[in-house]
Each structure stands twice: as C-alpha cells, then as structure tokens.
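Report on the following structure.
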Amino acid sequence: MKRLAALLAALALLPLTAPPAGAQPNIYHTIYSSHGSANVDQTNGCERVEIFLSSSVSAFASQPGPVNKQGLTGVFLRVSDACAGLAAAAAPGGSVLFQADGQSLAPLSTDPRLESAAIAAELPGTDGAGNPVTIRLNASWTGVGPLEHSTVNSHDHFPDVGNVSATDNNLRRAAVATLHVEAGPYSVSGTDPNAVLERVKSRCVEVARPGVEEFFPCFGFPG
C-alpha cells in the first residue's frame with residue numbers, strides 16, 4: 001500500500017508519457033517520495049488551535065529519459081473557542097472562530113536519511129465560508145528516533161497483458177515538528193512531538209506483451 005500511495009502521488013503530479021517509437025517494451029522506473037506530516041492540537045486559555053500539515057516531494061524517471069521532480073503541500077488550520085464549545089447551549093460548530101485550508105505544489109526539502117526537513121511557502125486556500133485566503137506556512141522537522149527500514153518485493157503477472165516486478169525500500173523516522181501558520185487575522189505556532197518523516201523508493205520494471213499499449217502497472221494501471 002505504501003508503494004501504491006507513493007506512486008499514485010507521483011502520477012498525480014507528473015505527466016505520464018508513453019515510450020518513444022521504437023523503444024523496447026521494457027520500461028524501467030525509479031520513483032521516490034519523501035513525506036513529512038504533523039498535527040498540532042493545543043489550547044491556550046479559551047483558544048484552541050488545530051493544524052494538520054502534509055508535505056511531500058516526489059520524482060519519476062524512465063530509462064532513457066529525464067528525471068522529473070515536484071512537490072505537494074497541504075495545510076488545514078482551525079481556531080476555536082474551547083470555552084464556548086463546552087457550553088450546553090452552543091450550536092454545533094458555533095465554537096469555530098476561523099478555519100482555512102489550502103494546497104500547492106510547494107516541495108518538501110529533506111535529506112536522504114530523514115534527519116531533518118523543512119517547508120516554507122504561501123498556499124492559496126479558502127476559509128470556512130469558501131472565501132479565498134492566502135496561507136503562509138513555515139515548518140521544520142527534526143528527526144529524533146532511529147531510522148526504520150523495510151523492503152518489499154513484488155512480482156505480478158497480468159494475463160494477456162504483461163508482467164511487473166518491483167522492489168520497495170521504505171524509510172521512516174520519528175520527528176519533532178515546529179509549525180507556524182498565518183491565515184486571515186490569525187498567526188499561530190505549535191509543536192508536534194509525534195511527527196513523522198517517511199521516504200519510499202521504488203524500482204519498477206514493466207514488461208508488456210507484444211502489441212500491448214498503455215501498460216503502466218507501476219502506477220496502478222495494468223492496461
């Protein structure tokens with residue numbers, strides 16, 4: 001599932017092209033996706049701040065062919081009146097003072113061993129009423145746990161279509177994330193001591209049967 005999620009993320013960001021005329025039916029892909037996530041939920045007095053952040057950078061390369069690289073970052077911010085939320089007469093959702101969410105192709109910057117990562121960007125988004133809002137984000141991760149490593153090998157046969165073989169190297173490290181978000185009238189900061197940094201690298205070989213086109217099982221599309 002991790003491989004498929006990473007590959008589909010790369011596919012969503014990058015154009016998929018067929019091999020040039022005369023190319024061999026074997027297509028070799030190298031794909032990696034680095035991802036940082038963090039959640040902040042803190043209350044100061046009656047003000048409750050919730051921040052949900054996901055940021056990644058992915059790359060795709062076919063042989064022969066250039067390497068394409070792009071990112072994807074999304075953030076959600078909600079500021080609530082925790083005291084109003086405790087009142088029995090409070091209407092559902094009435095304690096929310098402000099919320100906004102946005103997304104852009106801003107890439108996560110991280111080192112290969114997941115010892116640190118960072119993202120600083122302005123994201124176009126909307127507030128709780130659907131009005132446009134600019135979200136200014138500055139976040140960093142510091143790895144604090146051991147580097148966890150796992151490897152997954154898979155070999156699949158698609159009758160009358162072709163074969164695919166893939167090897168995945170998965171890295172994961174616990175981290176502490178520090179976030180600062182500005183949106184609308186709010187400028188909030190927080191720390192997530194249970195954040196995570198992940199990196200998935202997949203080597204995938206597709207072997208289509210003669211005459212078969214649009215055979216891309218490395219991206220979840222067997223044709």
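The values are calculated or read from the model by the stated rules, or taken from the named source; none is laboratory data. Since the model is a prediction, treat every value here as computed from it, not as a measurement. Counting neighbours? That spans all protein chains shown, and the Cβs are built from the backbone with ideal geometry, glycine included.
Go through 193, 210 for me and flag whichever is loosely packed, with under 14 Cβ neighbours inside 10 Å and under 23 Å from residue 50 (Cα atoms).
Just a single option satisfies the conditions, and that option is 193.
Under the condition of being of a type outside the set (Phe, Trp, Tyr) and within 19 Å of the chain's Cα centre (by Cα), which residue from region 130-146 is farthest from residue 99 (Cα to Cα)?
Looking at residues that are of a type outside the set (Phe, Trp, Tyr) and within 19 Å of the chain's Cα centre (by Cα), I get 143.
Residue-wise test of (1) of a type outside the set (A, V, I, L, M, F, W, C); (2) at pLDDT below 95; (3) touching a helix residue (DSSP H, G or I) at 6+ places or on another chain (Cβ under 7 Å).
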residue	(1), (2), (3)
174	no, no, no
177	no, no, no
201	yes, yes, no
206	yes, yes, yes
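Looking only at residues in region 180-223 that are charged (D, E, K, R) and assigned to a loop (DSSP other than H, G, I, E, B), which one is farthest from residue 35 (Cα to Cα)?
Checked region 180-223; the qualifying residue farthest from residue 35 (Cα to Cα) is 209.
From the list 196, 200, pick out the single residue that is over 25 Å from residue 78 (Cβ atoms) and aliphatic (A, V, I, L, M).
200
With 213, 122, 182 as the choices, which residue is charged (D, E, K, R) and free of Cβ contacts under 8 Å to residues at least 24 places away in the same chain?
Checking each option against the conditions leaves just 122.
For (1) under 30 Å from residue 210 (Cβ atoms); (2) at pLDDT 95 or above; (3) of a type in the set (Phe, Trp, Tyr); (4) in a strand (DSSP E or B), each residue gets a yes or a no:
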{"position": "27", "(1), (2), (3), (4)": "yes, no, no, yes"}
{"position": "31", "(1), (2), (3), (4)": "yes, no, no, yes"}
{"position": "34", "(1), (2), (3), (4)": "no, yes, no, yes"}
{"position": "41", "(1), (2), (3), (4)": "no, yes, no, yes"}
{"position": "48", "(1), (2), (3), (4)": "no, no, no, yes"}
{"position": "53", "(1), (2), (3), (4)": "no, yes, no, yes"}
{"position": "56", "(1), (2), (3), (4)": "no, yes, no, yes"}
{"position": "60", "(1), (2), (3), (4)": "yes, no, yes, yes"}
{"position": "72", "(1), (2), (3), (4)": "no, yes, no, yes"}
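With the condition being out of contact with any Phe, Trp or Tyr (no Cβ under 8 Å at 6 or more places or on another chain) and buried (at least 20 other Cβ atoms within 10 Å of the Cβ), I'd like the strands (runs of 3 or more DSSP E) fully within region 87-179 carrying at least 1 qualifying residues.
By residue number, 96-104, 116-127, 132-143.
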